[in-house]
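Student: The structure's right below; bear with me while I get my questions together.
The values are calculated or read from the model by the stated rules, or taken from the named source; none is laboratory data. Predicted model only: the values in this text are computed from it and were never measured. Because the Cβ atoms are built from the backbone with ideal geometry, glycine has one as well, and the counts that use them run over all protein chains shown. For the accessible areas, the whole protein counts, side chains as well, though only heavy atoms, and no ligand, DNA or RNA atoms are used. Shrake-Rupley method; radii C 1.70, N 1.55, O 1.52, S 1.80 Å.
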Amino acid sequence: MKVTIVGAGAVGASCAEYVAIKDFASEVVLLDIKDGVAEGKAMDLMQTATLNSFDTKITGTTNDYSKTAGSDIAVITSGIPRKPGMTREELIGINAGIVKEVSSNLIKHSPNVTLIVVSNPMDTMTYLVHKTTGLPKNKIIGMGGALDSARFKFRLSEALECPPSDVDGMVIGGHSDTGMVPLTRLATRNSVPVSAFLSEDRLNQVSEDTKVGGATLTKLLGTSAWYAPGAAVSALVQAIACDQKKMFPCSAMLEGEYGLNDICIGVPAILGKDGLEKIVEIELDDAESKKIKESAEGVNKTNALLEL
Ligand SMILES: NC(=O)c1ccc[n+]([C@@H]2O[C@H](COP(=O)([O-])OP(=O)(O)OC[C@H]3O[C@@H](n4cnc5c(N)ncnc54)[C@H](O)[C@@H]3O)[C@@H](O)[C@H]2O)c1
Ligand SMILES: O=C(O)C[C@H](O)C(=O)O
C-alpha cells in the first residue's frame, strides 16, 4: 500500500506520522514544493521508526512526481492555511490553482489513485478536483467532517465531564465556521441521548464551539491546527487502505442525496477499498434539513468563485 502526501507542512507531516505509527502502509511519500523540506521531514520521521515501532518506509521529494508513481491513495494538503481573523473561504484564490495542478500531476503518475482533499476551502477544493480530473466520484473524498466530529465529541465530553471515548456524534454539512451541522439530536453517551444529561442551552453552546473549532485554534496558534487534522486524515487513509467499511462524514459529490445536486458537502459515507463506497442517507428533522440547505447555499457561493 503506497500513500502519497502532497504538502509536507504541518498537516501533511502530522498525517504522515500517524499513518506510519499505525503501521498499515508499506510506503509513504511526502512531496513538497519547498526545496528539501519533504526530504528533511521524511528523514526526521524515519528516525522515529525504532522508537515508535513501525516498518512503514517514508521518503521525501521536492516536487518530483515520478516518486509518487503507483500510489494507491494520495492526500492533498498543499496550499496556504488561514491566519487569525480569516475565513477558510478567503484561501480560494491561492489554493485553487495549487490543488488543480497537484491533483493533475498525481493522476498522471497514479491513474488509479484515490484522492483525499484537505486543502481549504475544502468542500470547494473537492468540487474542483471532481470537475477537473475525470476521476470516478468514489475516488475523490474531502476530509472535514471526520475532524469536525472529533471536535464535537471532545466538546460534548467537556460538557458531560466524561472521557471522549464515552461519546458518539457526528457533524455533517460544509466545513466552514457557519456551515457545520453538529447533529446534537443523535449524539449519545454510551447509547443514551446527550439531551438526557445536558440542557438545550448547553447543547447549543457545544454546537457553536464545534463550528468555530478551527477558528478558535487558529487564534491560539497563529495558524491553523494540525494534530487533529492529521489524525483525521490518517483515519480516512486507514479505512480505505484496510478496507474497513467505516462510516465517516466526508465531503462527497451529491447527485440528489439530501435533496442536493452538483455539490461536495459533508455527509455520512462508508469508506473501504473502493474509496467512498456509499453515501448514507439518514433521516433529518426539519431544523437539520433547513441547516443543511443553508450550508449548501454557502458552499455553492464559494464554488461559484471557481474558474472552471
Ligand atoms: N480540511 C481540513 O479539515 C483541514 C484541516 C487543517 C488544515 N487544512 C488546510 O490544509 C492546508 C495545509 O495546512 P498546513 O497547516 O499544513 O499548512 P502549511 O503551510 O504548514 O503546509 C502547506 C505546505 O504546502 C506546500 N505547498 C504549497 N504549494 C505547493 C505545491 N504546489 N506543491 C506541493 N506543495 C506545496 C507548502 O510548501 C507547505 O509546506 C491549508 O489549506 C489548511 O487550511 C484543512
Ligand atoms: O481552521 C482551519 O482553517 C483549518 C481546518 O479547516 C480546521 O478546521 O482545523
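Student: Filter region 90-125 down to residues that are over 16 Å from Ile80 (Cα atoms) and within 9 Å of ligand 1 (Cβ to nearest atom), then give me how many there are.
Tutor: Summing the residues that are over 16 Å from Ile80 (Cα atoms) and within 9 Å of ligand 1 (Cβ to nearest atom) in region 90-125 gives 1.
Student: Against the conditions (1) of a type outside the set (S, T, N, Q); (2) surrounded by fewer than 21 Cβ atoms within 10 Å (Cβ to Cβ); (3) not in a loop (DSSP other than H, G, I, E, B), where does Glu281 fall short? Just the number, please.
Tutor: Condition not satisfied by Glu281: (3).
Student: If you don't mind, there's one more thing I want to ask. Which residues, taken from region 189-222, are in contact with a helix residue (DSSP H, G or I) (Cβ under 7 Å, 6 or more places away or on another chain) and either open to solvent by less than 30 Å² (accessible area, probe 1.4 Å) or closer than 26 Å to Thr302 by Cα (or both)? Full working, then the answer.
Tutor: The initial filter retains those residues of region 189-222 that are in contact with a helix residue (DSSP H, G or I) (Cβ under 7 Å, 6 or more places away or on another chain), namely 189-190, 194-195, 197-198, 202-203, 206-207, 209-210, 213.
Residues satisfying the conditions are Val194, Leu198, Leu203, Val206, Ser207, Asp209, Thr210, Gly213.
Student: Can you tell me which residue within region 219-238, out of those that are of a type in the set (Ser, Thr, Tyr) and more than 9 Å from ligand 1 (Cβ to nearest atom), is farthest from Phe152 (Cα to Cα)?
Tutor: The first filter runs over region 219-238 and keeps only residues of a type in the set (Ser, Thr, Tyr), leaving 223-224, 227, 234.
Filter once more, so that each one left must be more than 9 Å from ligand 1 (Cβ to nearest atom): 227, 234.
Values: Tyr227: 16, Ser234: 18 Å.
If we take residues in region 219-238 being of a type in the set (Ser, Thr, Tyr) and more than 9 Å from ligand 1 (Cβ to nearest atom), then Ser234 is farthest from Phe152 (Cα to Cα).
Student: Sticking with this one: What number goes with the only condition from (1) more than 26 Å from Asp286 (Cα to Cα); (2) within 13 Å of ligand 1 (Cβ to nearest atom) that Ser165 does not pass?
Tutor: Condition not satisfied by Ser165: (2).
Student: Taking region 203-237 only, how many residues are assigned to a helix (DSSP H, G or I) and aromatic (Phe, Trp, Tyr)? Talk me through it step by step, then tell me what you get.
Tutor: Looking only at region 203-237, we keep the residues that are assigned to a helix (DSSP H, G or I), and these are 203-211, 213-221, 227-237.
Subsequent filtering for residues that are aromatic (Phe, Trp, Tyr) retains 227.
Residues in region 203-237 being assigned to a helix (DSSP H, G or I) and aromatic (Phe, Trp, Tyr): 1 in total.
Student: Under 6 Å between Cβ atoms, which residue pairs at least 6 apart in sequence (or on different chains) link something in region 5-22 that is closer than 16 Å to Pro81 by Cα and near ligand 1 (Cβ under 6 Å from one of its atoms) with a partner that is outside any helix (DSSP H, G or I) and of a type in the set (D, E, K, R)?
Tutor: Ala8/Asp32
Student: Which condition breaks for Val194 when tested against (1) farther than 30 Å from Gly85 by Cα; (2) out of contact with any Ser or Thr (no Cβ under 7 Å at 6 or more places or on another chain)?
Tutor: Every condition holds for Val194 apart from (2).
Student: Any residue at all in region 151-162 that is outside the structural domain of Ile94 (by the TED database), in a helix (DSSP H, G or I) and within 11 Å of ligand 2 (Cβ to nearest atom)?
Tutor: yes
Student: Sticking with this structure for a sec: Out of the residues in region 162-178 that are more than 15 Å from the chain's Cα centre (by Cα) and open to solvent by less than 30 Å² (accessible area, probe 1.4 Å), which is nearest to Gly214 (Cα to Cα)?
Tutor: Of everything passing the filter in region 162-178, Gly169 is nearest to Gly214 (Cα to Cα).
Student: Among the numbered conditions (1) hydroxyl-bearing (Ser, Thr, Tyr); (2) away from ligand 2 (no atom under 16 Å from the Cβ); (3) not assigned by the TED database to the domain that holds Asp72, tell me where Thr133 comes up short.
Tutor: (3)
Student: Taking helices (runs of 4 or more DSSP H) that fall entirely within region 1-103, which contain at least 1 residues that are open to solvent by 40 Å² or more (accessible area, probe 1.4 Å) and within 16 Å of ligand 2 (Cβ to nearest atom)?
Tutor: On the way: elements: 10-22, 37-46, 49-52.
Result: 10-22.
Student: Which is surrounded by 24 or more Cβ atoms within 10 Å (Cβ to Cβ), touching a helix residue (DSSP H, G or I) at 6+ places or on another chain (Cβ under 8 Å) and outside the structural domain of Ser234 (by the TED database), of Ile107, Ile116? Reasoning before the result, please.
Tutor: Numbers: Ile107 fails: surrounded by 24 or more Cβ atoms within 10 Å (Cβ to Cβ).
Answer to the check: Ile116.
Student: Here is a check on your reading of the model: is Glu307 open to solvent by 60 Å² or more (accessible area, probe 1.4 Å) and over 24 Å from Asn95 (Cα atoms)?
Tutor: When the stated conditions are applied, Glu307 does not pass them.
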